[in-house]
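Note sheet for the following structure.
The values are calculated or read from the model by the stated rules, or taken from the named source; none is laboratory data. Everything numeric here is computed off the predicted structure, so don't read it as measured data. FYI the Cβ positions are ideal-geometry reconstructions off the backbone, even for glycines, and counts take in every protein chain you see.
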Amino acid sequence: MFEWNDDYSVGIEEIDVQHKHLIGIGAELMEMVKHNSNEDLYDDVIDAVERMKDYTVYHFATEERLMEQAGFEGLEAHKDEHERFIAKLDEVDLSDLDVNQTEFIMDILNFISKWIFKHIIGADFEYRDALSAVVRESAQ
């Protein structure tokens, strides 16, 4: 569910590294479910969800900065998609975690995995060429 595949690469190392990190946080949550032996995972799950939120904000800022530098026409639509994802993460009712931890974790994992992979191979692939040119130019 949360494994990097080179098919997800946008061809920009900084962005690919960040995508891998986000996928890694999802993999941590998945491991919690796999190895849960009825122990209380509340603090670990809260920590992982908060790290996901924080890193996502950082990652989105990086993408948006590069899109702005590239003069990417789809910047505003991309920003809107980013804002909706952050809003959805902010809406997660962490009090539900106390009721059924495994179900809560699986629900959030399903949401995050569908969004991340759909976003990477959909919206992020739209900016690949424009941003790759800017990154190449700035490296020279």
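So which residues in region 1-29 are among the polar types (S, T, N, Q) and part of a loop (DSSP other than H, G, I, E, B)?
Of region 1-29, the ones among the polar types (S, T, N, Q) are 5, 9, 18.
Within region 1-29, ASN5, SER9 meet the criteria.
Can you say whether ALA48 is surrounded by 12 or more Cβ atoms within 10 Å (Cβ to Cβ) and within 16 Å of the chain's Cα centre (by Cα), as far as the supplied structure shows? Quick ask: steps written out before the conclusion?
Numbers: surrounded by 12 or more Cβ atoms within 10 Å (Cβ to Cβ): yes; within 16 Å of the chain's Cα centre (by Cα): yes.
Here the answer is yes, as ALA48 does meet what is asked.
Looking only at residues in region 100-128 that are surrounded by 13 or more Cβ atoms within 10 Å (Cβ to Cβ) and among the acidic types (Asp, Glu), which one is nearest to HIS35 (Cα to Cα)?
ASP107
Looking only at residues in region 100-140 that are assigned to a helix (DSSP H, G or I) and of a type in the set (S, T, N, Q), which one is nearest to GLY71 (Cα to Cα)? So that I can check it myself, show each step before the final result.
At the first step, the residues of region 100-140 found to be assigned to a helix (DSSP H, G or I) are 101-139.
Pick out the ones that are also of a type in the set (S, T, N, Q) and you get 101-102, 110, 113, 132, 138.
Numbers: GLN101: 44, THR102: 43, ASN110: 33, SER113: 29, SER132: 12, SER138: 14 Å.
Per the stated criteria, the residue is SER132.
Has region 30-50 got at least one residue that is at pLDDT 90 or above, in a helix (DSSP H, G or I), closer than 20 Å to ILE86 by Cα and of a type in the set (Gly, Ala, Ser)?
No, there is no match, as no residue in region 30-50 is at pLDDT 90 or above, in a helix (DSSP H, G or I), closer than 20 Å to ILE86 by Cα and of a type in the set (Gly, Ala, Ser).
Any idea how many residues of region 78-99 are out of contact with any Leu (no Cβ under 9 Å at 6 or more places or on another chain), surrounded by 12 or more Cβ atoms within 10 Å (Cβ to Cβ) and in a helix (DSSP H, G or I)? Spell out how you get there, then give the answer.
Kept after step one, since they are out of contact with any Leu (no Cβ under 9 Å at 6 or more places or on another chain), are these residues of region 78-99: 78-96, 98-99.
From what is left, the residues that are surrounded by 12 or more Cβ atoms within 10 Å (Cβ to Cβ) are 78-79, 81-82, 85-86, 88-89, 92, 94, 96.
This time we only want the ones that are in a helix (DSSP H, G or I), so: 78-79, 81-82, 85-86, 88-89, 94, 96.
Qualifying residue count for the region: 10.
Can you pull out the residues in region 51-76 that are outside any loop (DSSP other than H, G, I, E, B), in contact (Cβ under 8 Å) with a residue 40 or more places away in the chain and crowded, with 16+ Cβ neighbours inside 10 Å?
Here is the first cut: in region 51-76, the ones outside any loop (DSSP other than H, G, I, E, B) are 51-70, 75-76.
Subset that is in contact (Cβ under 8 Å) with a residue 40 or more places away in the chain: 52, 58-59, 62-63, 66-67, 69-70.
Of everything in region 51-76, those that are outside any loop (DSSP other than H, G, I, E, B), in contact (Cβ under 8 Å) with a residue 40 or more places away in the chain and crowded, with 16+ Cβ neighbours inside 10 Å turn out to be MET52, HIS59, GLU63, LEU66, MET67, ALA70.
If you scan region 90-140, which residues turn out to be aromatic (Phe, Trp, Tyr) and closer than 29 Å to ASP6 by Cβ?
Applying the first criterion (aromatic (Phe, Trp, Tyr)) to region 90-140 yields 104, 111, 115, 117, 125, 127.
Passing the criteria: PHE111, TRP115, PHE117, PHE125, TYR127.
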